[in-house]
There are 2 protein chains.
Amino acid sequence: MPNIMTHGLTCLQRRDLERFGARIGHFGAHFAVVDAEGQILLRHDAGRFASDTEAVVEAGRAVCEAVRDRAETDDEGRVWRFCDGHVLLAAALCLPCNGPGCVRLAGAMVVDLGAEAPSADADAMRVAYLSEMMRLAAQGLRDAVRNDEQMEKMGLELAQVYEELVLLHKINTHMKVTESDGTFLQLACDSLTDIVPVEGIAIVLERMVEGERRFMVAAGSGLIDLSPHMTAVLHSRLAEDIRRGQEALLDSEVDTAFRFEWPQSVRNIIAVPLCAKGPQEARSAGRVQNAVAIIGYMVAINRIDKPDFDSTDMKLFASVASGCAVFIENGRLFNDLKELFVGSLKALTNSIDAKDQYTRGHSERVAIISQWLAERVAERERLDSEQIHRIYLAGLLHDIGKIGVDENVLRKNGKLTPEERECIQRHPSVGAGILRGIKQMQDIVPGVLHHHERVDGKGYPEGLTGREMSLTAKIVGLADSFDAMTSKRVYRDAMTVDQALDEIRKGLGTQFDEKVGTIFLESDIYHLWDRIQGNGPSAYGGRHLADYGTTAVGTLLR
Amino acid sequence: MPNIMTHGLTCLQRRDLERFGARIGHFGAHFAVVDAEGQILLRHDAGRFASDTEAVVEAGRAVCEAVRDRAETDDEGRVWRFCDGHVLLAAALCLPCNGPGCVRLAGAMVVDLGAEAPSADADAMRVAYLSEMMRLAAQGLRDAVRNDEQMEKMGLELAQVYEELVLLHKINTHMKVTESDGTFLQLACDSLTDIVPVEGIAIVLERMVEGERRFMVAAGSGLIDLSPHMTAVLHSRLAEDIRRGQEALLDSEVDTAFRFEWPQSVRNIIAVPLCAKGPQEARSAGRVQNAVAIIGYMVAINRIDKPDFDSTDMKLFASVASGCAVFIENGRLFNDLKELFVGSLKALTNSIDAKDQYTRGHSERVAIISQWLAERVAERERLDSEQIHRIYLAGLLHDIGKIGVDENVLRKNGKLTPEERECIQRHPSVGAGILRGIKQMQDIVPGVLHHHERVDGKGYPEGLTGREMSLTAKIVGLADSFDAMTSKRVYRDAMTVDQALDEIRKGLGTQFDEKVGTIFLESDIYHLWDRIQGNGPSAYGGRHLADYGTTAVGTLLR
């Protein structure tokens, strides 16, 4: 049995009905549309109905009630004849509405033919023709409504697809390796949920941390349970569905019961995989050439505006997820390369530091101290993060020129000969020479070349004064001295931090730049001390410092 | 005046007209549709026309001709009355067709009412009602055609947008930094022209070669003039249009004359820019933070299936081009980083080589010789390109352990003391130790550690035999010896190539691996000699060798 609803008429429907009224007006008939409540929705009689309005309203309402109560909507073509002095014809105006088999009763068309015709034949003829015309008019209206519906549906689909197009375009144009994971993945989530509204969305990535699988929420919004347990469960359920040939995990209690047990708040859920080429081991062993690994997934719960996620949603999720996977893979490769580079620089500077047992780890410590000091300077004056990163690298590479200095000279316990002194004092120039050969390192050169200059002009190799020295050289020079003083040397024990600070204080304005030195002395040195001893809070611990190096390398590229 | 065309009826139109015929059959009227050539397109009379067929055909044809000749299509509602014993009503069936104001004459509806009614009044009434019903039927048909057209148009648009969606998805998923420029950009061109057919398409990139602007065709297909002159002209015209606030360059002679002069073959042309962040100088100077530079463009000529490129095409071109620009920028950054890394390795190995004036450039030459030899080996047995690249890097880094060896020992002219010999012989272990600290360098370690081993077990540091040595160690060891022999040393002049080859021949099976040594001796050594002297053909010249290093570094990442 069809579902009958009552609604008014649209402007276009009124217009079509008014035209029909005008048409049958030529045959001396008057026309009205009356709804189930007895309201006259429109009339075409120039304001003067041949019969009294009450009879017309009564006929219309009677037909509406008959149709509604007896569910006679399938009898679409039925025309009722009323005769009470005047001849009235009435037919229900049943229009299709959303959903198959659903019609709505817009009202009843009532045609008033006036007094009965002189002959019964003529009357029957008039009634037959007008009834047929009413049927044609009702049919036309139904066709128009069906068409409008189809057009509206296609229009909505078109609008949706255009939105999807804009989304993919947006993802395309943001897929830059310089964009951070967090920014890009959040953009993907936000743009996706602009089109597919949900109560919660997240991107979860799998990471190996100390040989253990961990799931990390990389982006997302809304209410969604992402406990470590839930993220792992989701991953394994999705992986199982993918193994079975599905493209996504979909589960809801809309049509059937849930396949899996979910937290109370979940009504429906979708998860699509982020895939990348197989893991390193499988590939290098040459066994699996194009193996695809699930590196994470995008999950969303509780579709808004629809009872469940449908196949259109799924395709869009899958498309966005594959873009995210490509982005993450690009970022991973880029980062690996930066790590490789920084790792190589550290390995080499360490091997140079290792020529003298007392300077082991010196270069990395000077890098960390230089960065710390640059950050403190940045709190007081303009110094952008790119410059801070370059100061870090200048610190790391400041002794690279010692590559050419004899170990025995470096380790010598006792006074150096003039030749030995000259040999050691060549290391800033040698280092600068090495870096000058590398296009992207140009900005690092002055920091390396001048880290043994003094503001009083008594340094080497060029005897620059403070006004001629770059900020980088002043910072790296101070960092170098601080680490040297606080490290054990062949000719003396390590100073305490306080002793070293005293020495720096004494050297302000002669060996060290007043401003830079003062900033250093006023900073929280013990915090720095923890950092370079590797005892700092985890935020400043190993991972953070390693990231710092890769970020620093990134700033060498433009 | 509308443009009238004659065509048949669609299935749905026939069905609607047959239904109408059945309807008026209830009133004793017979129905037919006749086209301009007098063909009966359909009839509803159960095979027995009350009037003779000729009269019906004649009436239909007469109406068709009247409408066609007198262009009375605007009089859509006109019904002709013919009376030749039988009363015939005929009306033209003018249906909308593609394009505004365009109608086509599908034929004429003919209604046969049979003999005239007994009374003139009754006859007039019948004629009036049936004429009105014919008008309603014709109107319904016209509405249906208009709807079908709109639906078809939306359907085509929808199909197009879906194709665009698939295109952007494809571009998304291929935007990997590991994909080569050529492959990706060609995919972009091909996928785009699958949707937007054109006679020619190309992606042109601007490159600075020795300080000069050059335009390089990076991908494309079809007939399109891409002479150096044309690519430069296109670039400047596009840049001018972009400066004026346009999103693209569009030019055609469809509506107006060309704005620019183009080669004869061009009927219409589109060019969209590939944009990236501004050039290095502008950005580092801090002047232009988000300056956008045109790094190239995508151009296409002669739209197929449409008179000209339209705004939909333009948006799609712009979207694909922006994806290409992001891809190129990512690739450039990735490549810059690889170059930076390789450049740094070379700078450092050079600085180590420079400790001994006679080994200047040694590491890079050994890398080139090792690569050459590995390529020759690959011609005879399975050796994939990743391995060849790693052999190159092992060659480059084989002496990295000399970082810790005293210059005076390296340069010593005369017999070494046992301590000095021990010091020098430590360099493979020191080098391997440095590289072991770098995760991605593990595969390089054995080549560096064992490059002074001999197949007869008399080498150092471990005294391995040929069966225990890796292919890399055998190759790098031979390359190292060949370069040492052909370079001047403090204690002797350089050998000629032939002398060096003789030495290698003598050492086969003792110092050198038989198979590797034989492959080397049988190769085109003078070609290699040109390469390491930097006199080779340009394909093996500077640029090629530099690319080789960056590719090699790429293989360290997975």
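Kindly identify region B:181-329 as rounded, prolate or oblate by the Cα gyration tensor criterion: order the square roots of the eigenvalues as a ≥ b ≥ c, call it rounded if a/c is under 1.5, otherwise compare a/b with b/c, prolate if a/b is larger, else oblate. Judged from the Cα gyration tensor, region B:181-329 comes out prolate (a/c at least 1.5, a/b above b/c).
State the extension gain, in nm to one decimal, for the chain segment bounded by residue B:195 and residue B:225, taking 0.36 nm per residue of separation less the distance between their alpha-carbons. Walk me through the numbers on the way to the answer.
On the way: separation 30, 0.36 × 30 = 10.80 nm, distance 2.22 nm.
This chain segment gains 8.6 nm when fully extended.
Between identical copies, the spacing of residue A:10 label points, each set 7 Å from Cα toward the C-beta atom, reads 1.9 nm from nearest to farthest. Of all beta bridges that DSSP places with both ends in chain B, some 90 percent have antiparallel geometry.
Rounded to the nearest 500, the helix-only mean residue ellipticity at 222 nm of the protein assembly as shown stands at -16500 deg cm²/dmol, with each DSSP H run of n ≥ 4 adding -39,500 (n - 2.57).
Can you give the average number of partner chain beta-carbon atoms within 10 Å of each beta-carbon in peptide A:316-328, as a whole number?
On the way: counts 2, 0, 1, 7, 2, 0, 3, 6, 1, 3, 7, 4, 0.
Averaged over the peptide's residues, the number is 3.
A straight Cα-to-Cα reach below 19 Å connects residue A:306 with the aspartates and glutamates A:149, A:152, A:157, A:163, A:164, A:190, A:194, A:199, A:251, A:253, A:255, residues fewer than 8 places away in its own chain not being considered.
Reported to the nearest whole Å, the Cα centre-to-centre distance from region A:306-321 to region A:364-409 is 50.
Taking the number of Cβ atoms within 10 Å of each Cβ as an exposure proxy, the fewest-first ranking of B:102, A:324, B:97 is B:102, B:97, A:324. Across all directions, the shadow cast by the convex hull of region A:319-470 built on its C-alpha atoms averages 11.8 square nanometres.
Comparing region A:391-507 with the 2.2 N^0.38 Å rule of thumb, its C-alpha radius of gyration ratio is 1.07 (two decimals). Here residue B:497 yields copy-to-copy label distances, from shortest upward, of 6.4 nm, the label point defined as 7 Å from Cα along Cα to C-beta. The spread of Cα positions in the protein assembly as shown, taken along each principal axis and listed from longest to shortest, comes to 142, 65, 56 Å. Residues whose amide H falls under 5 Å from that of residue B:97, counting only those 5 or more places apart or on a different chain, are B:102, B:103, B:104, with hydrogens built in the peptide plane.
The average projected area of region A:430-496, computed from the convex hull of its Cα atoms over all directions, is 5.4 nm².
Rounded to the nearest Hz, the phi-derived 3J(HN,Hα) couplings of region A:173-181 under the Karplus curve 6.51 cos²θ - 1.76 cosθ + 1.60 (θ = phi - 60°) are 6, 9, 7, 9, 5, 7, 6, 6, 3, where x marks glycine and proline. For chain A, the Kirkwood radius over C-alpha pairs fed into Stokes-Einstein at 25 °C and 0.890 mPa s yields D = 79 µm² per second.
Using only side-chain charges placed at the Cβ, +1 for Lys and Arg and -1 for Asp and Glu, the dipole size of region A:181-326 relative to its Cα centre rounds to 580 debye.
Sort region A:59-207 into rounded, prolate or oblate with this rule: let a ≥ b ≥ c be the square roots of the eigenvalues of the Cα gyration tensor; rounded if a/c is under 1.5, and if a/c is not under 1.5, prolate when a/b is larger than b/c, oblate otherwise.
On the way: a/c = 6.54, a/b = 3.98, b/c = 1.64.
It is prolate, given that a/c is not under 1.5 and a/b is the larger ratio.
About the centre of its Cα atoms, the protein assembly as shown shows a dipole size close to 4840 debye [charges on the beta carbon of Lys, Arg (+1) and Asp, Glu (-1) only; nearest 20 debye].
State to the nearest 20 debye the size of the charge dipole of chain A about its Cα centre, where the only charges are +1 on K and R beta carbons and -1 on D and E beta carbons.
Numbers: 64 positive and 82 negative charges, 536 e Å.
That gives chain A a dipole magnitude of about 2580 debye.
Backbone geometry of region A:404-420 corresponds, through the Karplus equation with coefficients 6.51, -1.76 and 1.60 at θ = phi - 60°, to 3J(HN,Hα) couplings of x, 9, 4, 3, 5, 6, 4, 8, 4, 9, x, 5, 7, 6, x, 5, 5 Hz, x marking Gly and Pro.
Taking amide H as placed 1.01 Å from N in the peptide plane, residue B:267 has its amide H under 5 Å from the amide H of B:302, each at least 5 places away in sequence or on another chain.
Here's how it looks for residue A:292: its modeled amide H is under 5 Å from those of A:278, which are all 5 or more places away or on a different chain.
A simple rule links phi to the HN-Hα coupling: the Karplus curve 6.51 cos²θ - 1.76 cosθ + 1.60 with θ = phi - 60°, which for region B:111-118 gives 10, 9, 8, x, 5, 4, 5, x Hz, with x for Gly and Pro.
Cross-link partners for residue A:488 among the aspartates and glutamates, with Cα-Cα distance under 12 Å and sequence neighbours closer than 8 places in the same chain left out: A:356. Cross-link reach is defined here as a Cα-Cα straight distance under 12 Å, omitting same-chain residues fewer than 8 places apart; for residue A:176 the aspartates and glutamates meeting it are A:329, B:329. Per-residue shielding of B:142-151, expressed as the average number of other chain Cβ atoms within 10 Å of the residue Cβ, stands at 3.
With the cut-off at 1.5 for a/c, could you classify region A:354-554 from its C-alpha gyration tensor as rounded, prolate or oblate? Don't skip to the end; give the middle numbers.
Details: a/c = 1.29, a/b = 1.20, b/c = 1.07.
Rounded.
Pairs from the table (A:402/A:458; B:346/B:415; B:170/B:439; A:474/B:355; A:338/B:515) lying more than 32 angstrom apart at Cα are B:170/B:439; A:338/B:515. Inter-copy label distances at residue A:25, using a point 7 Å along Cα-to-Cβ, come to 3.6 nm with the shortest given first.
Placing unit charges on the Cβ atoms of the charged side chains and taking the dipole of the protein assembly as shown about its Cα centre, the candidate lying farthest along the positive direction among B:435, A:201, B:114 is B:435.
Each value in this text was obtained by applying a stated rule to the coordinates, not by laboratory testing. Since we're looking at a predicted model, the values are computed, not measured. Heads up, the Cβs are rebuilt from the backbone with ideal geometry, glycines too, and the neighbour counts pull from every protein chain shown.
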